[in-house]
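Peer 1: Submitted below is the structure of interest, expressed as structure tokens.
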């Protein structure tokens, strides 16, 4: 009775926090594509974090996407005039599109005993590419105007240093319309002005400044993409009551944000500024730490501190850093498990947190139901999980050394910060060693 009561209290607390999160969303109407990316990336990582600890992999591949993203990319590419571009902005207004691909490879090294337990090291290699695209009316501010210019690092640096909201307001009012007008407003002269005008005119395909004369708000596509490449060592630890891990790795990160208005869509048709994706590629030394323990027989609690930046090893030639620099994230997860013959139940609650979103946004609760035979070598697991935005339904099939998992993230609220929440599908294939 005590155990079930404890679980009930944890679940009620999680659900109460989720309801508080709904109120917090309603109170904040500002959509920020970078903050949304942080939150969605951590939600996707939660699905990976919930896998059984101690099960390592030879290869792990995941794809997350909503069904409209490929159609959006095709429509943007096909829009060759302002009429077609306006139709794209109207059709996808107030929506966001998600795409994430993750591939990891693990190479096991010999295990050894230490600290009254077993340490299992492995070499880890990984590639992660994620993108979030928001479409809708947005206030045009300094960072929005800068993101609408597909210039190289030197021009971006000048804009970030010298552009003010007053100059942006002049652009929106139509008093600063051309590249030459903008260079004058920035106070540029001599060779610096010449280089700036040349680069900006070439990048824009003309002398017109984005959003010139548009007014304070405009319909835009706000697209962000991030690419990570990781390589390093992982050490898993386990004894009778404690488990955890330490990962030490190098992280190569590059990212880009691109804002497109109606004219830009009709002009080049590329939502992502891939030509400049590598201009801020930076190498970091990183660490992740996980610790967990078993308690009250069937309870288990895990903590994780991730994305700890130890040092910046290599910067880009221009010294241009990623927009989304590594930020420390925190996780906590508690579950309760019990077996009934070939049936295993595991209710759980937890949270993840990071700068850029509220605590309530990272709270989740759910239950795993596993049907298994042959000491769990063959198993079918059904998971239901709820957070402040989605109900996630996940069937997972395990056959010896192989796992296959499908997840459906179904929205439980209509919109967040004025943008419709997408239904997201994901698949995962994993080979164990």
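The values are calculated or read from the model by the stated rules, or taken from the named source; none is laboratory data. The structure presented is a predicted model; accordingly, all values stated were derived computationally and were not measured. Cβ coordinates were reconstructed from backbone atoms using ideal geometry, including for glycine residues, and neighbour counts include every protein chain displayed.
Peer 1: If you check 203, 227, which single one turns out to be assigned to a helix (DSSP H, G or I) and closer than 27 Å to residue 130 by Cβ?
Peer 2: Just a single option satisfies the conditions, and that option is 203.
Peer 1: Read through the list (1) at pLDDT below 90; (2) surrounded by fewer than 19 Cβ atoms within 10 Å (Cβ to Cβ); (3) more than 18 Å from the chain's Cα centre (by Cα), then give the number of the only condition that residue 85 fails.
Peer 2: (2)
Peer 1: OK, next. May I ask you to verify whether residue 96 is in the same structural domain as residue 221 (by TED's automatic domain parsing), within 29 Å of residue 416 (Cβ to Cβ) and surrounded by 14 or more Cβ atoms within 10 Å (Cβ to Cβ)?
Peer 2: yes
Peer 1: Is there a residue being at positive phi and surrounded by 17 or more Cβ atoms within 10 Å (Cβ to Cβ) anywhere in the range 268-286?
Peer 2: There is at least one residue in the range 268-286 that is at positive phi and surrounded by 17 or more Cβ atoms within 10 Å (Cβ to Cβ).
Peer 1: Next question. Every residue in the range 355-400 that is part of a helix (DSSP H, G or I) and farther than 17 Å from residue 48 by Cβ, please.
Peer 2: 359, 360, 361
Peer 1: Confirm whether residue 20 is surrounded by fewer than 17 Cβ atoms within 10 Å (Cβ to Cβ) and at pLDDT 90 or above.
Peer 2: no
Peer 1: Would you say residue 350 is part of a strand (DSSP E or B) and either at positive phi or in contact with a helix residue (DSSP H, G or I) (Cβ under 8 Å, 6 or more places away or on another chain) (or both)?
Peer 2: Considered against the rule, which asks whether it is part of a strand (DSSP E or B) and either at positive phi or in contact with a helix residue (DSSP H, G or I) (Cβ under 8 Å, 6 or more places away or on another chain) (or both), residue 350 comes out as yes.
Peer 1: Sticking with this one: Report yes if some residue within the range 253-262 is more than 30 Å from residue 182 (Cα to Cα) and at pLDDT 90 or above; otherwise report no.
Peer 2: yes
Peer 1: Name the single residue, out of those in the range 188-208 being surrounded by 14 or more Cβ atoms within 10 Å (Cβ to Cβ) and either under 29 Å from the mean Cα position of the chain (by Cα) or in contact (Cβ under 8 Å) with a residue 60 or more places away in the chain (or both), that is nearest to residue 279 (Cα to Cα).
Peer 2: Step by step, filter the range 188-208, then rank; the result is 203.
Peer 1: Then there's this: Within the range 367-384, identify whether any single residue is assigned by TED's automatic domain parsing to the domain that holds residue 38, touching a residue at least 60 places away in the same chain (Cβ under 8 Å), within 16 Å of residue 41 (Cβ to Cβ) and crowded, with 17+ Cβ neighbours inside 10 Å, and answer yes or no.
Peer 2: Taking every residue of the range 367-384 in turn, none turns out to be assigned by TED's automatic domain parsing to the domain that holds residue 38, touching a residue at least 60 places away in the same chain (Cβ under 8 Å), within 16 Å of residue 41 (Cβ to Cβ) and crowded, with 17+ Cβ neighbours inside 10 Å.
Peer 1: Within the range 285-340, work out how many residues are over 25 Å from the mean Cα position of the chain (by Cα) and outside any strand (DSSP E or B).
Peer 2: Qualifying residue count for the region: 6.
Peer 1: One residue is enough: does the range 349-365 have a residue meeting the conditions surrounded by fewer than 18 Cβ atoms within 10 Å (Cβ to Cβ), in the same structural domain as residue 132 (by TED's automatic domain parsing), modelled with pLDDT under 95 and more than 22 Å from the chain's Cα centre (by Cα)?
Peer 2: Checking the range 349-365: not a single residue is surrounded by fewer than 18 Cβ atoms within 10 Å (Cβ to Cβ), in the same structural domain as residue 132 (by TED's automatic domain parsing), modelled with pLDDT under 95 and more than 22 Å from the chain's Cα centre (by Cα).
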